[in-house]
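Below you'll find the structure, written out as structure tokens, and then a few comments.
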Amino acid sequence: MNPNVKQVLKYLGTFFGLIVIFNILLLLSSTIPRESVEKNVIESADVLNEEGPGYIFSELFLIYMDTYTDAVVVNEIYSIDSTTPYESYMKARKNYKEDQTIFEQFEDIGEGVTANISEDDGQEYVDGNYDSIGELQDFLKGDIKTSLTYGRYWHGYLSIYRPLFTIFNIKGIRTMQFVLTISFILAIVLLINKKLGLLPAIIYCIAFCGCGFISATYSLQCGCLFLTTLIATLILLIRIDKIKDIHFFMFVVGMIANYFDYLTVPLISLGIPLSVWIFYKSKDKGFEKAWKVVIMASIAWLAGYAGAWIFKWAQYDLTIAGSGMLDIGFRQSFYRMTRNNQTAYYKNIVSTIIVDCLPVASVFAIATCVLLPFIGNIRKQIMADNHVVKAFLLIMAMPIVWYSVLANHTLLHYYFVYRHSILFYLGGVLAFYYACFENGNLKIKADSNSLNTKGAKK
């Protein structure tokens, strides 16, 4: 068989195989009766109501949690109707019970809509005010009779959280995510130390701890995406000598990221494992055309991410009568890229990127680069492999490109999209490290407790 044809069949087979798995997982979780999650949903709604919208996770670092969207996630978990599981997970309704009025055009209104009770006359209304926590409370009390659909995402987290909600409330799930995240980060840092050296391990540890990974454990909105990124990175490190096709690997990761993603910070699932791959492949003899690998792997990741997303819209249109989801999906995508006032757009987006999205990562990057000369050996050959440095600089540019292209989304959601800046930190610091320091410096050998400083006197 022609190698090119074989490669195409490999990608197509994997694509449709994962689509089948996505549907099976969502179908199985949607067969769980609503009564099984009711107690923990009510307790979780009370927790969210006590925290309020924009809960402050850290006053020192001004980290705000997107409890607005977590309330929507809890609402969706409860709104799944196990008697019609396929329709339920495809539509991803909120405020749904069998006697509800269905408002099908939720996706077509703008950023989001909420069904609320008017304080003036006590009547229910639908508008663009996003009080999802109050909406969840009113729904559970039986005051909301209008169901809103949110079918343009896969909402793959439902296949994880819905079974967990039969056992835990939101506090228990946050604890579980915290333990898993810390465990995976520790495993990754130890493997990086073993395979790349102590200094790279320190760099990645600072990135994970300083750029929002820990606070993400508190979020239902993006917790699964962050765990997907960590698991993908861990698998890559364990099998890094056996994985020959990084493009195919990133294609698969892109699809899985889209399955779980709520349009939060999906690029972390691309940039973090890719940076590890580039560093490992260049640690001994450099890496010719490494920057081209970054570009091609990014295209493969985007094909998986966008392909899975568009297929969800197409599947919706083919199986749910009168939906028009493809049209809604594309128009919502353009909505997140545009601003009506272009002058205000350029001024605001630059200000948001500099002031809200990148400052923490920039401070950590500068501090790390200042520290490195005191603990690392300067390269004897200062002329580093330019291909590798360019590759890391491309990774550094990824969040800036994302912030600029999805301008509307960035301006509205800077309080969680700032976590993309971990790639800004990693790309910049790794480019500096590779250009100026010996690879493997201060590496701890697996069979020794002593430090082996390459090139230093013993």
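Might you let me know whether the range 53-68 holds any residue that is modelled with pLDDT of 90 or more, buried (at least 16 other Cβ atoms within 10 Å of the Cβ), of a type outside the set (Asp, Glu) and in contact with a helix residue (DSSP H, G or I) (Cβ under 9 Å, 6 or more places away or on another chain)?
No, the range 53-68 contains no residue that is modelled with pLDDT of 90 or more, buried (at least 16 other Cβ atoms within 10 Å of the Cβ), of a type outside the set (Asp, Glu) and in contact with a helix residue (DSSP H, G or I) (Cβ under 9 Å, 6 or more places away or on another chain).
Within the range 369-386, is there a residue that is part of a helix (DSSP H, G or I) and modelled with pLDDT of 85 or more?
Yes: one or more hits.
Let me spell it out: the conditions are (1) part of a helix (DSSP H, G or I); (2) within 16 Å of HIS420 (Cβ to Cβ), and VAL265 meets all of them except one. Which number is the exception?
All conditions pass for VAL265, except number (1).
To keep it simple, each residue is scored yes or no on (1) polar (S, T, N, Q); (2) within 25 Å of ALA397 (Cα to Cα); (3) buried (at least 23 other Cβ atoms within 10 Å of the Cβ).
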position	(1), (2), (3)
VAL265	no, yes, yes
ILE278	no, yes, yes
SER298	yes, yes, no
TRP301	no, yes, yes
ASP327	no, no, no
PHE330	no, no, no
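In the range 259-314, which residues are acidic (Asp, Glu) and within 28 Å of GLN221 (Cβ to Cβ)?
Within the range 259-314, ASP261 is the sole residue that qualifies.
Scanning the range 250-263 for residues that are over 21 Å from GLU76 (Cα atoms) and among the β-branched types (Val, Ile, Thr), which turns out surrounded by the most Cβ atoms within 10 Å (Cβ to Cβ)?
Taking the candidates together, the pick is VAL253.
Just to check your reading of the model, which residue among PHE249, PHE208, PHE165 is under 27 Å from VAL363 (Cβ atoms) and not aliphatic (A, V, I, L, M)?
So the residue among PHE249, PHE208, PHE165 that is under 27 Å from VAL363 (Cβ atoms) and not aliphatic (A, V, I, L, M) is PHE208.
Only residues that are farther than 30 Å from ILE246 by Cβ and surrounded by 12 or more Cβ atoms within 10 Å (Cβ to Cβ): list them for the range 1-37, please.
Those that are farther than 30 Å from ILE246 by Cβ and surrounded by 12 or more Cβ atoms within 10 Å (Cβ to Cβ): LEU27, LEU28, SER29, SER30, THR31, ILE32, PRO33, ARG34, SER36, VAL37.
Could you please give the count of residues in the range 238-261 that are aromatic (Phe, Trp, Tyr) and within 12 Å of the chain's Cα centre (by Cα)?
The number of residues fulfilling the criteria is 2.
What do you reckon, is VAL417 touching a residue at least 12 places away in the same chain (Cβ under 8 Å), under 18 Å from the mean Cα position of the chain (by Cα), assigned to a helix (DSSP H, G or I) and under 14 Å from ALA361 (Cβ atoms)?
So VAL417 fits the description; yes.
Going residue by residue through the range 195-214, is there one that turns out to be crowded, with 21+ Cβ neighbours inside 10 Å, within 18 Å of the chain's Cα centre (by Cα), within 24 Å of SER29 (Cα to Cα) and not assigned by TED's automatic domain parsing to the domain that holds MET65?
Scanning the range 195-214, I find no residue that is crowded, with 21+ Cβ neighbours inside 10 Å, within 18 Å of the chain's Cα centre (by Cα), within 24 Å of SER29 (Cα to Cα) and not assigned by TED's automatic domain parsing to the domain that holds MET65, so the answer is no.
Looking at the range 322-336, can you tell me whether even one residue there is of a type in the set (Gly, Ala, Ser) and modelled with pLDDT of 85 or more?
no
Hey, can you tell me all the residues within the range 189-203 that are closer than 19 Å to LEU236 by Cα and either at pLDDT 95 or above or part of a helix (DSSP H, G or I) (or both)?
VAL189, LEU190, LEU191, ILE192, ASN193, LYS194, LYS195, LEU198, PRO200, ALA201, ILE202, ILE203
Right, ILE240: in contact (Cβ under 8 Å) with a residue 24 or more places away in the chain, assigned to a loop (DSSP other than H, G, I, E, B) and farther than 23 Å from PHE22 by Cβ or not?
When the stated conditions are applied, ILE240 passes them.
Looking at the structure I just gave you, is PHE287 modelled with pLDDT under 95, assigned by TED's automatic domain parsing to the domain that holds CYS222 and part of a helix (DSSP H, G or I)?
Against the criterion (modelled with pLDDT under 95, assigned by TED's automatic domain parsing to the domain that holds CYS222 and part of a helix (DSSP H, G or I)), PHE287 does not qualify.
If you scan the range 214-237, which residues turn out to be out of contact with any Lys or Arg (no Cβ under 7 Å at 6 or more places or on another chain) and either assigned to a loop (DSSP other than H, G, I, E, B) or of a type outside the set (A, V, I, L, M) (or both)?
SER215, SER219, LEU220, GLN221, CYS222, GLY223, CYS224, PHE226, THR228, THR229, THR233
Please work out if THR175 is within 24 Å of GLU50 (Cβ to Cβ) and polar (S, T, N, Q).
Answer is yes for this residue.
Which one of these is within 22 Å of THR175 (Cβ to Cβ) and not in a loop (DSSP other than H, G, I, E, B): TYR78, TYR89?
Only one candidate passes the filter, namely TYR78.
The values are calculated or read from the model by the stated rules, or taken from the named source; none is laboratory data. From a predicted model like this one, the values you see are computed outputs, not experimental measurements. Here the Cβ is made from the backbone with ideal geometry for all residues, glycine too, and neighbour counts use every protein chain on show.
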